[in-house]
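K.L.:
Structure in structure tokens, see below.
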Amino acid sequence: MPLDTMVQRVASAANLNELSVNPNSHWVNLKGSWTTNIVLIIAFRLIFSLIPWSTPELSWTLTNLSYCLFQYIMFHGIIGTPFEVNQGAYDNLTLWEQMDNGEQYTPTKKFLTVVPIAVFLLSTHYSNYDVPTFIINFTAVLIVLIAKLPAFHRVRFFGINMGQNDYN
């Protein structure tokens, strides 16, 4: 398989204006969304601990896997915006790429990068550093963290998440 079909960079439909507010990603910068992330982790943990046959190790592993899956789908799996306010400038971008107009290392992006690492460390600790559980947890957090790297900004693998305008 040729390399150019495996890895493709997404072109932007327009220059992202620093003064324009993207209603699709603006909410992520609010402190309430940071609190919601922590509440979501606590809710995952409580729900998984209520399963009768669940052990603390399993509860923390399921919490880590669920949170990583949630973050991947929410920030890296869905492209576009439901609003028609920016003449298609965000149509081919994921929420992570839309946040802060594509600027890297903002406080929100740092927070959303550190939280999966913290949940991974908690799940590893509470699973008593069991090797198979560690591998599962590490794989989940690695997938989420790789998608957040600046080197993968607007990069698509195997045509996944390519917008319709990107195929032309």
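The values are calculated or read from the model by the stated rules, or taken from the named source; none is laboratory data. Since the model is a prediction, treat every value here as computed from it, not as a measurement. With ideal geometry, Cβ positions are generated from the backbone for all residues, glycine too; neighbour counts draw on all protein chains shown. When the accessible area is computed, the model is the full protein with side chains, heavy atoms only, and any ligands, DNA or RNA have been set aside. Shrake-Rupley method; radii C 1.70, N 1.55, O 1.52, S 1.80 Å.
K.L.:
Let me see the P(r) profile for the range 48-99: every Cα-Cα distance counted, bins of 5 Å, each bin given as a percent of all pairs.
P.N.:
4, 20, 17, 13, 10, 9, 8, 8, 6, 3, 0
K.L.:
Normalise the Debye intensity by I(0) for the range 12-156, one equal point scatterer per Cα, no solvent, then take log10 at q = 0.14 Å⁻¹ and round to two decimals.
P.N.:
For the requested q values the scattering log ratios are -0.70.
K.L.:
With all protein chains present, calculate the accessible area of Val114 using a 1.4 Å probe and round the result to the nearest 10 Å².
P.N.:
90 Å²
K.L.:
Arrange the peptides 57-63, 130-136 so that the one whose residues have, on average, the most other Cβ atoms within 10 Å appears first.
P.N.:
57-63, 130-136
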